[in-house]
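In what follows, a structure is listed as structure tokens, so that the remarks can point back to it.
FYI, it's all coordinate maths here, none of it is from the lab. Source: prediction; values computed, not measured. Note that we place each Cβ from the backbone using ideal geometry, even for glycine, and neighbour counts take in every protein chain shown.
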2 protein chains.
Amino acid sequence: MKVAVLGTGMVGRSLAGRLSELGHEVAVGTREVTATLARTGPDAHGTAPYGVWAQDHPDVTLANFTEVATSAELVVNATSGDVSMSTLNAVGETTLAGKILLDISNPLDFSEGFPPKLFVKDTDSLGERIQAAFPQLKVVKALNTLTASLMVNPAALADGDHSVFVCGNDSEAKQTVVELLASFGHTDIIDLGDITNARGTEMYLGIWTRLMAALGTSMFNVKVVR
Amino acid sequence: MKVAVLGTGMVGRSLAGRLSELGHEVAVGTREVTATLARTGPDAHGTAPYGVWAQDHPDVTLANFTEVATSAELVVNATSGDVSMSTLNAVGETTLAGKILLDISNPLDFSEGFPPKLFVKDTDSLGERIQAAFPQLKVVKALNTLTASLMVNPAALADGDHSVFVCGNDSEAKQTVVELLASFGHTDIIDLGDITNARGTEMYLGIWTRLMAALGTSMFNVKVVR
């Protein structure tokens with residue numbers, strides 16, 4: 001499958017690397033290719049520059065947002081929640097129409113430090129806002145409930161015996177995402193229903209961030225025991 | 001231990017029944033004893049009248065809120081979130097001073113149906129509101145993340161191999177609650193820290209209610225895999 005990954009941070013790199021490893025044709029999208037490749041020091045999160053990662057992943061191409069999305073069947077939103085809408089606007093509604101969006105973003109607001117607040121919650125969600133802004137895009141919310149390395153390699157923890165969630169309005173798009181998650185190694189993929197259920201998975205970040213602090217690691221996930 | 005359980009619904013009855021079974025001296029508190037015992041039909045949730053349950057639990061006494069709380073070492077807030085504050089006000093600040101409150105309430109707002117919204121979240125929580133209103137009460141938030149029967153009998157699901165959370169400002173009070181949960185059969189009790197972490201466990205209800213709908217049962221819980 002031709003996949004465009006929007007975002008050059010840890011989440012974008014994890015998705016792009018794993019998808020490429022699984023044989024997909026992957027292009028990473030960024031606002032300005034020259035600026036992304038010009039960075040030589042670690043970013044605000046301490047992440048090494050994209051250029052270093054790119055050298056180890058020669059099969060993954062880098063281009064601007066619209067360019068990578070144009071030819072993709074599936075687009076991955078791996079941007080920070082605060083820039084997700086502006087990124088998708090940069091891609092453009094016409095380019096996105098009819099495509100599947102795997103939306104991993106979370107509406108985190110770090111303006112008052114850690115743990116972050118949520119800039120949308122409870123009566124709306126970032127997933128729904130994206131779906132409302134791009135009605136012809138098939139938004140599937142998934143993977144926003146665990147750390148990047150476990151998103152794409154669940155077997156690294158407890159042989160993969162933990163759960164992930166999907167929600168979205170388009171059943172076929174959701175099925176495509178479910179199969180993708182299964183190819184990553186996810187064995188318990190729970191379909192919560194339509195995109196309004198993103199309120200649940202995004203608000204879950206409230207306990208996720210606190211668990212990360214309490215456990216002193218992001219290498220954890222929940223198993224829904226039933 | 002002398003325990004007062006505020007609330008005569010399913011949560012209150014589950015806690016009272018199990019605590020009594022474990023040998024504690026349990027009194028259930030209600031607004032008006034006569035009114036509670038006068039009910040003969042099921043309530044809005046389809047729960048049988050309290051009087052029927054009371055006949056099967058002769059060791060559990062029933063009295064008004066202040067009366068049961070006065071002699072208790074530990075008070076359980078098993079009321080609906082929307083009446084928690086008025087209930088605790090009915091008990092009174094003087095009566096509550098110095099006691100431990102196991103707060104199981106959730107700030108659920110069903111005014112627009114299911115799934116419920118939360119009437120406080122993200123930048124505040126019901127647990128914190130209670131702690132702020134009663135500074136001398138030792139509020140420990142716990143058990144608000146699973147269905148009543150599993151709160152008190154975790155072994156009924158997967159031999160009890162799932163997780164619960166505690167948070168609160170007073171370490172000794174938290175330890176008392178941890179020991180109580182362990183006596184119920186909980187084996188994975190995660191201390192999230194101070195009472196502000198109630199924001200996390202209360203917002204978790206967003207995914208809990210949606211999981212209940214998707215799974216078609218409330219007999220589930222999460223195990224934090226790490």
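The calculated FRET efficiency for A:Thr34 paired with A:Asp159, based on their beta-carbon distance and R0 = 41 Å, is about 0.45. Computed from the alpha carbon positions, the gyration tensor of segment B:144-226 leads to an equivalent ellipsoid with semi-axes of 21, 16, 10 Å, biggest first.
Working value for segment B:99-156: equivalent-ellipsoid semi-axes of 21, 20, 7 Å, each the square root of 5 times a Cα gyration tensor eigenvalue, largest first. Note on B:Lys223: lysines with a C-alpha under 16 Å away, same-chain residues under 8 apart excluded, are A:Lys223.
Here the protein assembly as shown has an Rg and Dmax of 24.3, 77 Å, counting Cα atoms alone.
With its label point put 7 Å out from Cα toward Cβ, B:Thr123 sits 1.5 nm from the same residue's point in the other copies, in order from shortest.
Bridgeable aspartates and glutamates around B:Lys2 (alpha carbons under 12 Å apart, same-chain partners fewer than 8 residues away excluded): B:Glu25, B:Glu73.
Summing +1 for each Lys or Arg and -1 for each Asp or Glu among the other residues whose beta-carbon sits under 10 angstrom from that of A:Leu74 gives +2. Build a GNM of chain A with springs between Cα atoms under 10 Å apart, and of A:Asn89, A:Asn197, A:Asn144 the one that fluctuates most is A:Asn89. What residue among B:Asp191, B:Asp103, B:Asp159 has the largest mean-square fluctuation in a Gaussian network model of chain B, using Cα springs under 10 Å? In the Gaussian network model the winner is B:Asp159. Principal axis extents of the C-alpha atoms in segment B:2-215 (largest first, rounded to whole Å): 40, 39, 36.
Basic side chains Lys and Arg get +1 at the Cβ, acidic Asp and Glu get -1 at the Cβ, and with that the dipole of chain A about its Cα centre reaches some 300 debye. Distances, shortest first, from the label point of A:Pro42 to those at the same position in the other copies read 5.9 nm; the point lies 7 Å along Cα to C-beta. Taking amide H as placed 1.01 Å from N in the peptide plane, the amide H of B:His57 sits under 5 Å from none that are at least 5 places away or on another chain. Counting only lysines at least 8 places from B:Lys117 when in the same chain, those with an alpha carbon closer than 19 Å to its own are A:Lys117, A:Lys121. Look at the dipole of segment A:156-226 built from charges on Cβ: of A:Ile195, A:Leu215, A:Ala182, the Cα furthest out on the positive end belongs to A:Leu215.
For B:Ala97, inter-copy separations between label points set 7 Å beyond Cα along the Cβ vector come to 7.0 nm, shortest first.
A Gaussian network model of chain B, with springs between Cα atoms under 10 Å, assigns the largest mean-square fluctuation among B:Thr196, B:Thr176, B:Thr87 to B:Thr176. Spatial offset of segment B:108-137 relative to segment A:179-226 amounts to 23 Å, using the alpha carbon center of each.
Distance between the C-alpha centers of segment B:1-40 and segment A:17-74? Whole Å please. With segment B:1-40 and segment A:17-74 each reduced to a Cα centre, they are spaced 60 Å.
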